[in-house]
Amino acid sequence: MSATATLELDYTPQCVPPISNEPDPTAENYLNHSHTWLSWLLTVDHKRIGIMYLVAVTTFFVFGGLAAMLVRINLLTPTGAILELDQYNKAFTAHGTIMLFLFLIPVVPGVLGNFFVPIMIGAKDMAFPKLNLASFYVYAFGAVFFIVALLTGGLDTGWTFYPPYSSKYSHTNVLLAGTGVFILGFSSILTGLNIIATVHKMRCPGMSWGRMPLFVWAMYATSVIQVLATPVLAITVTMLAVERIFGVGIFDPTLQGDPILFQHMFWYYSHPAVYIMLLPGMGVINEVLTCFSRKNIFGYAAVAWSTIGIAVVGYLVWGHHMFLSGQGVYLGMLFSILTMLVAVPSAIKVFNWTATLYGGTLTFQAPMLYALGFIALFTIGGLTGIYLGVMGTDIHLHDTYFVIAHFHFTMVGGMMFGWQAGLHFWWPKMTGKMYSDFWSRLAAVTTLVGFSLTFLPQFVLGFSGMPRRYPYYPPEFQMFNILSTAGASIQGIGYLMPVFYLTASLFFGKNAGPNPWRATGLEWQTASPPPMHNFDELPHVTCGPYEYALPSSFQLVEASHNPDHPGGDHPHLVTAGDPHGRH
Amino acid sequence: MAATNSTHDGAAPIVAHHFNNILQQQSSVRFGMWLFLATEVLFFGGVFCAYTVYRRWFPLDFEAASTALNPMIAGINSFLLLTSSFTATLAIRAAYTGNQGRLKAMLAATIVLGVAFLGFKSFEYYQDFEEGLVPSAQVANPDPLHHHARGMDSQFAHNLQHVLEHKKYYKDGAHLEDVNLDRCRLFFVFYYGMTGLHVIHMIVGIGLFIWQYILASRGFFVPKERFVYVEVLALYWHFVELVWIFLLPLLYMTGHHSFSDL
Amino acid sequence: MLFAELEMPLLPPTASEFANDYDWLFWYITAVITVAGLGVYAALAWFSWKYMKRPGAKPIRLLGSHKLELIWSVIPLLFFLSFYAWGIPIFNATTKVPEGAPEIFVVGKQWMWKIQHPNGVREINELHLPVNKAVKITGGSEDVIHDFGVPAFRSKFDVVPGRWISTWYQPNKVGEYHIFCDQYCGQGHSQMVGKVYVMEQADYDQWLDGVKKTGSDNRIADGSPAWQGRQLFLKLQCITCHNNVYDADRTNSNTSNRAPNLEGLYMSKVPMSGGSYITADENYIRESIRNPEAKVHDGWKPIMPAFPQGQVSEFELYNLVAYIKSLQPGDLPRRTDQFPAPVGAPVKATEGGNSK
Amino acid sequence: MHAEQKPIVFEHEHAPPNSVGVTTLIFVIMLGLTCMALLVGFSDLGPMKIYANLGVACVQALVVSMFSMELKNQDKLTWLTAAASIFWTAILFLFTMTDYITRGYAAH
Ligand code: HEA
Ligand code: HEA
Ligand code: CUA
Ligand SMILES: [Cu+2]
């Protein structure tokens, strides 16, 4: 076990003083090399496309959040505080669909994935830059359909679109929204395709699979799901649309169709999709945790393979949404036991993250606080998923607030916190500016407190039997609903704060310098903001991604730079072994 | 870096800025297309799955409804598509060997054959419309005591019956009475839906071939390295053929046909 | 004001044996995951405190441990599997209806619950049950998918148009409990709620007497689904085909000239045209009436008209099926029996029948 | 460059596209298979017909994917992609059909 590995990354371990915080203000980067509107709208630079996604998804998050506030305020009283019944139905549908299709699915792949996957693997761009731009516009186009649908009469089917309600009974804009889903699906497919091709074909010399940052692994697994699951959603909503337009009976029992078939095909996509909504967040956590505890990830291989495991096994469990739908009981049992299996990789991740803290040197800046929040909240979200995956316990909990609480803990407590962690972690890299330490920490804590207050009471509500999608409810449930609404308001403030201090940082923030967190990833070895083609020269990787804790004898020696032969005369370091023992 | 980075006409470089060499670029393009085809498999897989569910539930009805289709045209179309796949493959070879004349001829042949397919297909649709084999939503008969409730008096049913009589469906010992109208209608939904999706894919493909033909005329393919773009388009075209290979047995050949009908 | 009524019990009432069994599993899972979760939290907190950056601290270079990873994937897996193993019998208990439990039929319709008791008494959004008696609940829907949920019984099942699904309960505590529609079904979804009243047997009998006054006479069977089904069977002219007039051409003596005699049909094996066999359970009989062509009895022409919802409501369908289920050899009325003229039935209805 | 630092190798040439001769051979085989498909389609095999039909189609699909699409010359990654698409479609079919086959049975 004593192979020789060379350490060539120009990263700065603990023992080395941080690189100058004063970058050359005249240096050209992806932000300032051109300023026209067109240079943004027609850009094929993955970084600019990432920024465009950032603007778009943030806007939709605000809309989705406002719809959530309508829902929450309405639930203050047992007979609906502000909305009519159908308005409420439109409100929660708008909330669910915007949050999922327009926000959570594109958020990390679109923004952080686009921006950082090529940089982290040492590429100059995505494999298909034009396709990348196209998928942004496809997204925008789909979003237009959605917005039109929601503004002209709304949609009241819930995000699940179950027929025959959606095909025959709803009088709202199912078709428009369905078209939107179809188009957004294609955007998602194209993004995924691009990332997979990039990861396979564009890695720089030395960037073997075993040296890839775990964020890239996560994005890779996510993309596999996007590419292989989303087409089924597309064809399913197409069939739904055909049924609705022509009145034929693909899913209509009175015309010989079977409504359960829709559920199968919908969940074939939508269960894997919940992992589209989670894995990227998990990926971010690996980067943040290692950096702020100055440690290697505990068990790189286990974390990487559990990512792939979740992506694959995640396809085999969709029927756990259908235990009570009338699907075959034996099939239900099969889905139930597979659900137990899919929880194991998540368990591995949680434990490995926890173990990563062990023996580190921890600091608690905002990204770290969000990351710890992720672990804490996702653990609750995931473990309550187990109740739902056990056939016996799902009987009572199905379609109650217990499910609502479960998935907000995974999606908001998980992915949303992961997204915030990633945004705060990479903000200095993306913009070159550092935000307020105090306000960002305060925001993280506020969000955490508000979040817990919002969704913990919902577990109690759910176990007591309060069904979801209910604007009216029995009065004895009121107290917990009030608590929940109070929490949502605090949470709203928690989300509002970053909007201010991050914007402020653009104008008043200190220059962040290339590597404010003294992190090891390739993205930190280039300027902030990165230059047009990411690197001035082709990087050459010689060790794993998280070498934070090398003993002090590993001090980097000033390297004589030889641009013609990048692998050349860099300092050789003897380590205990190639960290991950493979290439 | 690797490979020549100048083109015949001095326009865009052969190797895009973000690739290191031509081989990386070619293999990325090729892989991109294979990935896209994988999504297409799942896309069609969804509707094939729904078809399979109902085919298994209602075999008799699907067979009867399928009998009403025109297998002749489908057969001709099979050969047309097969031949167009052949010419598409020859086009790759021509681009690879740098034979510009042959390349253009083969692209043109593929386009012509594809359009011919669409021509026959439209004729078939036209025939179906003429025969009135259009699944309609209306249940013409709300009163089951009064009439035969399977709605055999609806236009669609009459038409179906008429076509089947014409095709001597009865002589196989099958009875139209065994057949449920709603299920035949379901079959026709799948028929139009699946062939429709296939036709859309054909139209896209033909459009791309036309585009490549224009590129070829402008000398875009003179640097032989660019044969890979012809290759991936041909890949797509083969996939379209693959879909047809399964549509033929599932939609057309599921019914009762015999050579004497032809 | 607002807070006046805020009397929120932390836990839902338990009003059946099954609810208790269910809760055991629920609390078992809760116990395990609480311990596991607190373990994770404790480790997070402890490490955060212990390894917080202090002057001179150096992180260790620790790459992982397959042994530990194995431990913390196998142990959770074992617990998960134990949840699963316990969950299966709990779920299956809900499908295993005790012998002889009387059947209550529930129809979901936007946005109410229509309920029919075995003796024909009907209620809307209310369900009265005697305590300590098992009842079977069968649900159907007239429009979209609903879900009949009673939290106090920890019971819930989707009510799907086009088929019937059953479960059962045995209430063991007198009281009033919620019925919720748990599957989103449109505007009035949250108003598709009701109450279960679990009563002492005596109270229940009294209640029954009260609502039965409308019955034609005092025989308990009167108004039973089968009884109502018989009326319908005659009214809808099923008897014109399903009767006991034997056809000389047919060797099978137990059959009429036009359609299978339905006596003893329930749970028998029926040969299908095409060669397979099918067990004639409720859903088969149901389908044979709604969509006779769906599965055709071998040897018969599929001439039977379908009876769609406009013709035979979900309740009536249930009652017809109940009647057919009750038919034993010799039970069918004779075709020549007097039967009430069908109300509003067109004259042509008997076309091809005895009028010929 | 260090031996163990091999980047992803893009030095090896991809196999050249099918020659005219091979292409023609494939075409002839496919012509034959299509004739066979029609033959089966026009004959009366009863309930077996659908299987015969699909059998021929699968052979055709194999020829197209292996030889026309040159899967046989592609690297492992492409094989993996193709296999993944088939595998995931199979999952969709398998579980969905399982429902339709077992739905009638209640567990006891
Ligand atoms: C990011 C999104 C996300 C994620 C990651 C998950 C993760 C999981 N989900 Fe969730 N789920 C949703 C989003 C998500 N879900 C949504 C949106 C719905 C509702 C859809 C709708 O109807 O609208 C839903 C609904 C839903 C249902 C259907 C409920 C119903 O309608 O009746 C079920 C049932 O099985 C389920 C199960 C699970 C399971 C088992 C996991 C597992 O992957 C979780 C695994 C994680 C852990 C288990 C935690 C870590 C483990 C440990 C710390 C080990 C502990 C050790 C011991 C116990 C010893 N989910
Ligand atoms: C990404 C996914 C996502 C996210 C982030 C959220 C976020 C939130 N959700 Fe969401 N929710 C879903 C996905 C999500 N939800 C889905 C899929 C459903 C199911 C829909 C269905 O049934 O079809 C659902 C359903 C759902 C319900 C159940 C409705 C019902 O069934 O009747 C409720 C009820 O409390 C709820 C509440 C909230 C709240 C309070 C937040 C908060 O976290 C939101 C906080 C955000 C803001 C408040 C906006 C940003 C802040 C500002 C603009 C500042 C100004 C505002 C204030 C100061 C208040 N959600
Ligand atoms: Cu009925 Cu919800
Ligand atoms: Cu799920």
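The values are calculated or read from the model by the stated rules, or taken from the named source; none is laboratory data. Keep in mind that what you see is a predicted model, and the values were worked out from it rather than measured. In this analysis, Cβ positions are derived from the backbone assuming ideal geometry, glycine residues included, and neighbour counts consider all displayed protein chains.
Taking only pairs six or more apart or across chains, which ones have beta-carbon atoms under 9 Å, a first residue in the range A:69-86 that is buried (at least 16 other Cβ atoms within 10 Å of the Cβ), and a second residue that is of a type in the set (D, E, K, R)?
From the range A:69-86, the pairs are A:Pro78/A:Glu476; A:Pro78/C:Glu5; A:Leu83/A:Lys90; A:Asp86/A:Asp156.
Does at least one position in the range C:181-198 carry a residue that is modelled with pLDDT of 90 or more and more than 30 Å from A:Asp156 (Cα to Cα)?
Checked the range C:181-198: at least one residue is modelled with pLDDT of 90 or more and more than 30 Å from A:Asp156 (Cα to Cα).
For the range A:121-135, which positions are assigned to a helix (DSSP H, G or I) and buried (at least 24 other Cβ atoms within 10 Å of the Cβ)?
A:Asn132, A:Ser135
Would you say C:Ile33 is among the β-branched types (Val, Ile, Thr), part of a helix (DSSP H, G or I) and touching a residue at least 24 places away in the same chain (Cβ under 8 Å)?
Considered against the rule, which asks whether it is among the β-branched types (Val, Ile, Thr), part of a helix (DSSP H, G or I) and touching a residue at least 24 places away in the same chain (Cβ under 8 Å), C:Ile33 comes out as no.
Can you pull out every residue in the range A:324-337 that is within 14 Å of ligand 4 (Cβ to nearest atom) and at pLDDT 95 or above?
A:Phe335, A:Ser336
Just to be sure I understand, how many residues within the range A:463-479 are under 29 Å from the mean Cα position of the chain (by Cα) and facing chain C (nearest Cβ under 7 Å)?
Residues flagged as under 29 Å from the mean Cα position of the chain (by Cα) and facing chain C (nearest Cβ under 7 Å) within the range A:463-479 amount to 4.
Please list, ordered by first then second residue, the pairs with beta carbon atoms under 6 Å, 6 or more apart or interchain, first in the range A:316-344 and at the interface with chain D (Cβ under 10 Å from one of its Cβ atoms) and assigned to a loop (DSSP other than H, G, I, E, B), second away from ligand 4 (no atom under 11 Å from the Cβ) and of a type in the set (D, E, K, R).
A:Ser325/C:Asp158; A:Gly326/C:Asp158; A:Gln327/D:Asp99; A:Gly328/D:Asp99; A:Gly328/D:Arg103
Which of the residues belonging to the range A:433-460 are under 23 Å from the mean Cα position of the chain (by Cα), under 30 Å from A:Asp399 (Cβ atoms), crowded, with 19+ Cβ neighbours inside 10 Å and of a type in the set (A, V, I, L, M)?
A:Leu448
Any idea which residue in the range A:173-214 is farthest from the other protein chains (Cβ to nearest Cβ), counting only those that are among the charged types (D, E, K, R) and assigned to a helix (DSSP H, G or I)?
The qualifying residue farthest from the other protein chains (Cβ to nearest Cβ) is A:Arg211.
Filter the range A:411-432 for residues that are within 15 Å of ligand 4 (Cβ to nearest atom) and surrounded by 24 or more Cβ atoms within 10 Å (Cβ to Cβ); which is farthest from A:Val216 (Cα to Cα)?
Looking at the filtered set, the residue picked out is A:Gly414.
If A:Ala376 passes every condition in (1) surrounded by fewer than 24 Cβ atoms within 10 Å (Cβ to Cβ); (2) within 7 Å of another protein chain (Cβ to nearest Cβ); (3) modelled with pLDDT under 95 but one, which one does it miss?
(3)
Matching residues to (1) farther than 21 Å from C:Val174 by Cβ; (2) crowded, with 19+ Cβ neighbours inside 10 Å; (3) within 12 Å of chain A (Cβ to nearest Cβ):
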| position | (1), (2), (3) |
| --- | --- |
| C:Ala85 | yes, no, yes |
| C:Ile90 | yes, yes, yes |
| C:Arg122 | yes, no, no |
| C:Ile137 | no, yes, no |
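Being within 11 Å of ligand 2 (Cβ to nearest atom), more than 24 Å from B:Met33 (Cα to Cα) and either touching a residue at least 40 places away in the same chain (Cβ under 8 Å) or in a loop (DSSP other than H, G, I, E, B) (or both) narrows it down to one of A:Leu112, A:Leu104, so name that one.
A:Leu104
Answer with yes or no whether A:Tyr401 is buried (at least 22 other Cβ atoms within 10 Å of the Cβ) and either over 16 Å from the mean Cα position of the chain (by Cα) or farther than 22 Å from A:His95 by Cα (or both).
yes
Look through A:Phe266, A:Phe292 and report the one residue that is within 16 Å of ligand 2 (Cβ to nearest atom), in a helix (DSSP H, G or I) and hydrophobic (A, V, I, L, M, F, W, C).
A:Phe266
Out of all the residues in the range C:277-322, which are basic (Lys, Arg) and assigned to a helix (DSSP H, G or I)?
The answer is C:Arg286, C:Arg290.
Quick check, is B:Leu233 surrounded by fewer than 24 Cβ atoms within 10 Å (Cβ to Cβ) and within 30 Å of D:Gly41 (Cα to Cα)?
Considered against the rule, which asks whether it is surrounded by fewer than 24 Cβ atoms within 10 Å (Cβ to Cβ) and within 30 Å of D:Gly41 (Cα to Cα), B:Leu233 comes out as no.
For residues in the range B:221-254 being part of a loop (DSSP other than H, G, I, E, B) and within 9 Å of another protein chain (Cβ to nearest Cβ), which is farthest from B:Arg183 (Cα to Cα)?
Once the filter is applied, the top-ranked residue is B:Met253.
Quick one: in the range A:241-251, of everything that is within 14 Å of chain C (Cβ to nearest Cβ) and surrounded by 24 or more Cβ atoms within 10 Å (Cβ to Cβ), which residue is nearest to ligand 2 (Cβ to nearest atom)?
Once the filter is applied, the top-ranked residue is A:Phe251.
Looking for whichever is of a type in the set (Gly, Ala, Ser), within 14 Å of chain C (Cβ to nearest Cβ) and more than 10 Å from ligand 1 (Cβ to nearest atom) here; the options are A:Gly422, A:Gly385, A:Gly389, A:Gly360. Which one fits?
The unique qualifying residue is A:Gly360.
Test A:Pro118 against the stated conditions and say whether it is surrounded by fewer than 23 Cβ atoms within 10 Å (Cβ to Cβ), within 14 Å of chain B (Cβ to nearest Cβ), in contact with a His (Cβ under 8 Å, 6 or more places away or on another chain) and of a type outside the set (Val, Ile, Thr).
So A:Pro118 fails the test.
Just to confirm my filter: which strands (runs of 3 or more DSSP E) fall fully inside the range C:162-211 and include at least 1 residues that are within 16 Å of ligand 2 (Cβ to nearest atom)?
Answer list for the range C:162-211: C:175-181.
Conditions tested, residue by residue: (1) under 19 Å from the mean Cα position of the chain (by Cα); (2) within 11 Å of chain C (Cβ to nearest Cβ); (3) over 18 Å from A:Phe417 (Cα atoms); (4) within 16 Å of ligand 4 (Cβ to nearest atom).
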{"position": "A:Pro280", "(1), (2), (3), (4)": "yes, no, no, no"}
{"position": "A:Val288", "(1), (2), (3), (4)": "yes, no, no, no"}
{"position": "A:Lys295", "(1), (2), (3), (4)": "no, yes, yes, no"}
{"position": "A:Tyr300", "(1), (2), (3), (4)": "no, yes, yes, no"}
{"position": "A:Ile308", "(1), (2), (3), (4)": "yes, no, yes, no"}
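Which ones in the range D:69-106 are of a type outside the set (A, V, I, L, M, F, W, C) and at the interface with chain B (Cβ under 7 Å from one of its Cβ atoms)?
Result: D:Thr78, D:Thr81, D:Ser85, D:Thr89, D:Thr96, D:Tyr100.
Taking only the range C:304-329 into account, find how many residues are over 22 Å from the mean Cα position of the chain (by Cα) and closer than 14 Å to C:Ile239 by Cα.
Adding up the residues that qualify gives 3.
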